[in-house]
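S.K.: Here it is: the structure, laid out below.
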Amino acid sequence: VCSMGNSTSRLYSALAKTLSSSAVSQHQDCLEQPDSARLDPIDPKDLLEQCQMVLQKRPPRFQRDFVDLKRSAASTHRPIRVMQWNILAQALGEGKDNFVQCPMEALKWEERKCLILEEILAYKPDILCLQEVDHYFDTFEPLLSRLGYQCTFFPKPWSPCLDVEQNNGPDGCALFFLKDRFELVNSANIRLTAMKLKTNQVAIAQTLKCHETGRLFCIAVTHLKARTGWERFRSAQGCDLLQNLKIITQGAKIPLIVCGDFNAEPTEEVYKEFSNSSLNLNSAYKLLSPDGQSEPPYTTWKIRPSGECRHTLDYIWYSQHALNVNSALGLLTEEQIGPNRLPSFNYPSDHLSLVCDFSFNPDPDRLL
C-alpha cells in the first residue's frame, strides 16, 4: 500500500485492514455475518479519495457517460439506480483464469479492490448486484455496510475458488441496497436446480419497499453456469429461476429487476426464455441500440491461452409494464479497453459494469 504521508486517517486505517484476508481464510466461518452495525458510518467521498490515493500510480478511471432513455414524462420520484457487475473473484483472477495479456501486478488485491470500490463509489448505486465475490466478509460487507447498505451474500456450494491455494473462501452472489431508500420485506436464497439436480449456481431474490413511493419491487441477482457445451444446463437453471421469481412476484404483480452474469449470448435458449417469460421482462441494455432490439456487442472481453473472448453475457432484465429505464451507462469502447483487453491496470474485472436508472410506471396494470 502506498504511503499516505503524515495524515493517515482513521478511514484509511479501516480500508487498510481489509487488505489482509488471513482472518477470514478459514472457510468454515465464511457464513457468519460480522457485526458492522457498531462501526462508524463512512462518507463515500472520503472513501473514494482514499481509494484514489492508493491508486495514484495507476492510470485514471475510464470516462463512461449515461445515455438518456426517457421516452415518457418525467417520473415523480427519484430514480432507482441499479448496478450489475461480475467483479472477478480474486482467487480465480490470480489462480485459474489465465489472462495471458494481463500482468500479475495488475491483479494485486491491495489495489484491485480499490479499483472495484472506486467504480462503485463513482456511480453511487441504490442497489448493487455482484457476482464472483470472494472478499465479502473482509472487504465488501464491512465497508458497504458503513456506507449505509444492507448486505446479503450467498456463496456457491462448491466454489472453484476453494481449489486455489491461499484462497479467501468461496465466491458467490452478493446483493446490497441502501437502507435509507428501501425496506426489506422478504429475502430468498435460491440454489438453482437443473434437470431435477441441485447445482453449484445460486441466486438471491429480495422484495423491497421503496420509502419514497411505498411501491414494492423484487430485485434478484444470479450467476449461471459457464462454458460452451452447457447451454441446456443454463436453460434449465434459467427456467428454475423464473419459476421461483413467478412465485415471489405473485405472477408479475410485483415489479421485478433481475441482474446477472448469465454466461449466455442472446442466441441461447436461456435468453429467449427470459425474453418470452410471462413475467413480461425486457433487457435494459437493448435500449442503447438504435432499434431498441439489439444487445451490446460485448460485456466481457479477455484474452486467454485459447484465444480472444468477446461476448455479451451480462444483463439487467426488468418488468417493462411496471418500470421505465430512464438512463443506462454506456459501455467502454474498444479503444478504451485497449489491445490487451480486460482486466488491466485501468479496469479491475474481465466484465463491464452495467448501470441503469429506473422509475415506476404510474399505471403498470394497463400495460400487462
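S.K.: Using just the helices of the chain, give the 222 nm mean residue ellipticity in deg cm²/dmol: DSSP H runs with n ≥ 4 each add -39,500 (n - 2.57), and the total is spread over all residues, rounded to 500. Can you show the working numbers first?
M.R.: On the way: 8 runs with 75 residues, N = 368.
Computed ellipticity for the chain at 222 nm equals -6000 deg cm²/dmol.
S.K.: Right, another one. If I compute solvent accessible area with a 1.4 Å probe over the protein chains, what percent of it on the stretch 89-360 is carbon and sulfur? Don't skip to the answer; put the middle values down first.
M.R.: Numbers: 4650 of 9740 Å².
Ligands and nucleic acids excluded, carbon and sulfur give 48 percent.
S.K.: Output wanted: per-residue J couplings in Hz (rounded whole) for the stretch 91-102, from phi through Karplus 6.51 cos²θ - 1.76 cosθ + 1.60, θ = phi - 60°, x for Gly and Pro.
M.R.: Coupling constants for the stretch 91-102: 4, 6, x, 8, x, 9, 7, 6, 7, 5, 9, 9 Hz.
S.K.: Does anyone have the angle between helix 44-54 and the longest principal axis of the chain? Alpha-carbon axes, 0 to 90°, nearest 10?
M.R.: Computed tilt is about 50 degrees.
S.K.: Starting from the Cα of residue 96, draw a straight line to each of the lysines and keep only those under 29 Å, dropping any in the same chain fewer than 8 residues away.
M.R.: Here the lysines satisfying the reach criterion relative to residue 96 are 17, 57, 108, 113, 156, 198, 225, 302.
S.K.: Enumerate the calculated ³J(HN,Hα) couplings along the stretch 142-158 in order (Karplus 6.51 cos²θ - 1.76 cosθ + 1.60, θ = phi - 60°), each rounded to whole Hz, writing x wherever the residue is Gly or Pro.
M.R.: In residue order, the calculated couplings are x, 7, 6, 5, 6, 8, x, 8, 8, 10, 9, 9, 9, x, 5, x, 10 Hz.
S.K.: Now for a separate question. Would you mind getting the accessible area per residue of the chain, heavy atoms of the protein chains only, 1.4 Å probe, in Å²?
M.R.: Numbers: 16170 Å² over 368 residues.
Accessible area per residue: 44 Å².
S.K.: Among (i) 18.0; (ii) 38.9; (iii) 20.9, which is the computed mean projected area of the Cα convex hull in nm²?
M.R.: Label (i) holds the value from this structure.
S.K.: Below 8 Å between Cα atoms, with a sequence gap of 6+, how large is the relative contact order for the chain in percent? The partial results should precede the final answer.
M.R.: Numbers: 756 pairs, mean separation 76.2, N = 368.
Once divided by the residue count of the chain, the mean separation gives 21 percent.
S.K.: Indicate, rounded to the nearest 5 percent, the antiparallel portion of the DSSP beta bridges found entirely in the stretch 89-360.
M.R.: On the way: 49 of 55 bridges.
Expressed as a percentage, antiparallel bridges in the stretch 89-360 total about 90.
S.K.: Taking 7 Å along the Cα-to-C-beta vector as the label spot, tell me the residue 183-residue 162 distance in nanometres, rounded to one decimal.
M.R.: About 3.9 nm separates the two model spin labels.
S.K.: Whats the longest run of the chain with zero GluC sites (Glu not before Pro) that are DSSP loop and have at most 10 other Cβ atoms within 10 Å? Numbers along the way, then the final one.
M.R.: Numbers: sites that count: 32, 165.
Result for the longest clean stretch: 166-368.
S.K.: Now, a different point. Under a straight-distance cross-link criterion of Cα-Cα below 17 Å, which aspartates and glutamates are reachable from residue 196, leaving out those fewer than 8 residues away in the same chain?
M.R.: Hits, sequence-local ones excluded: 231, 240.
S.K.: Find the Cα radius of gyration of the stretch 159-211, compare it with 2.2 N^0.38 Å by division, and give the number to two decimals. Walk me through the numbers before you get to the answer.
M.R.: On the way: Rg = 15.2 Å, N = 53, 2.2 N^0.38 = 9.9 Å.
The value comes to 1.53.
S.K.: If you don't mind, another one. Which angle from 0 to 90°, rounded to the nearest 10, does the C-alpha axis of helix 109-123 make with the longest principal axis of the chain?
M.R.: Around 40 degrees separate the two axes.
The values are calculated or read from the model by the stated rules, or taken from the named source; none is laboratory data. Just so you know, these numbers come straight off a predicted model, no measurement behind them. Glycine also receives a Cβ, built like all others from the backbone with ideal geometry; neighbour counts cover every protein chain displayed. The accessibility values were calculated without ligands, DNA or RNA, using every heavy atom of the protein model including side chains. Shrake-Rupley method; radii C 1.70, N 1.55, O 1.52, S 1.80 Å.
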